[in-house]
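A short worksheet on the structure shown next.
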């Protein structure tokens, strides 16, 4: 898992590259929490265009981050999910709390 | 006569082996000419089953083994994931969407639901000596290899 980020116009863009499963979940949680802990943005976009695999562990990771950022009133959006990630997101209702943007 | 083949591997119930398990099954199934979508369905279901072994089967620091078997018959794929861990106390409860026995660990509780959605059939048997998850999926394509 590789995580890149940039802030542009008060938006934190986070690019996840690689595989998000139980093995990479811990690193992903810690890294995202570090990035999300900075107060230089008012919304977050998680870009999944380079995520090659994700199972339901990824849902747990994303929902965990959503709960933390909800306390700060910072919304999170999902961008560029794969067909399979999309299937899991729709199955779990993730888009109801982290809407997809195009 | 229907084409048939099988493979079986075992590995330690460690998260680092999840990627290996996914690639192993995907590579084996390639002989049936699956679509990319079918392969991703299978990889995701295998990942969920193996994750359950890694997270739940062996609660102590001593990790046991996971046996992964894949059988091909015609265009049917059958995958069994077996551990020799503590077992699942209530299988029906465990299969409910969003149920997790570890809510504090940010678990989605969607593992079995994902397996059921991506495969045609999922059967779970469990006792205090371990758990077996058997998943089957019929592929649209057929093998292009000769029976032999």
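Nothing in this text is a laboratory measurement; each read-out follows from the coordinates by a stated rule. Note that the structure is a prediction, hence the values are computed from the model and not measured. Glycine also receives a Cβ, built like all others from the backbone with ideal geometry; neighbour counts cover every protein chain displayed.
Among B:50, B:114, B:77, which one shows the highest mean-square fluctuation when chain B is modelled as a Gaussian network with alpha-carbon springs under 10 Å?
The residue with the greatest mean-square fluctuation here is B:114.
Mark the label point 7 Å from the Cα of residue B:20 along Cα→Cβ and return the residues of segment B:48-65 whose backbone N is within less than 16 Å of it.
From segment B:48-65, the list is B:50-51, B:53-55, B:63-65.
Using the reciprocal of the averaged 1/r over all distinct C-alpha pairs, how large is the Kirkwood radius of segment A:2-101 in Å?
Taking every pair of different Cα atoms in segment A:2-101, averaging 1/r and inverting gives 13.3 Å.
For chain B, set up a Gaussian network in which alpha carbons nearer than 10 Å are linked by springs, and say which option among B:25, B:86, B:16 fluctuates the most.
Maximum among the listed residues: B:16.
Rounded to two decimals, what is the ratio between the C-alpha radius of gyration of the protein assembly as shown and 2.2 N^0.38 Å?
1.06
From Cα pairs below 8 angstrom and at least 6 apart in sequence, can you work out the relative contact order of chain B, rounded to a whole percent?
Here the relative contact order equals 30 percent.
Taking the Cα centre of each part, how many Å lie between segment A:43-58 and segment B:91-132?
Each part reduced to its Cα centre gives a spacing of 22 Å.
Return the FRET efficiency for the residue pair residue A:2, residue B:31: r is the Cβ-Cβ distance, R0 is 35 Å, and the value is rounded to the nearest 0.05. Don't jump to the answer; show the numbers that get you there.
Details: r = 32 Å, r/R0 = 0.92.
Here the calculated transfer efficiency is 0.60.
Would you look at the GNM of chain B, springs on alpha carbons closer than 10 Å, and say which of B:100, B:136, B:82 moves the most?
B:100
Using a simple spin-label model with points 7 Å from Cα along the Cα→Cβ vector, what separation in nm is obtained for residue A:72 and residue A:17?
Label-label distance for residue A:72 and residue A:17, simple model: 2.4 nm.
How high is the relative contact order of segment A:62-102, in percent, with contacts defined as C-alpha pairs under 8 Å that are six or more residues apart?
It comes to 49 percent, rounded to a whole number.
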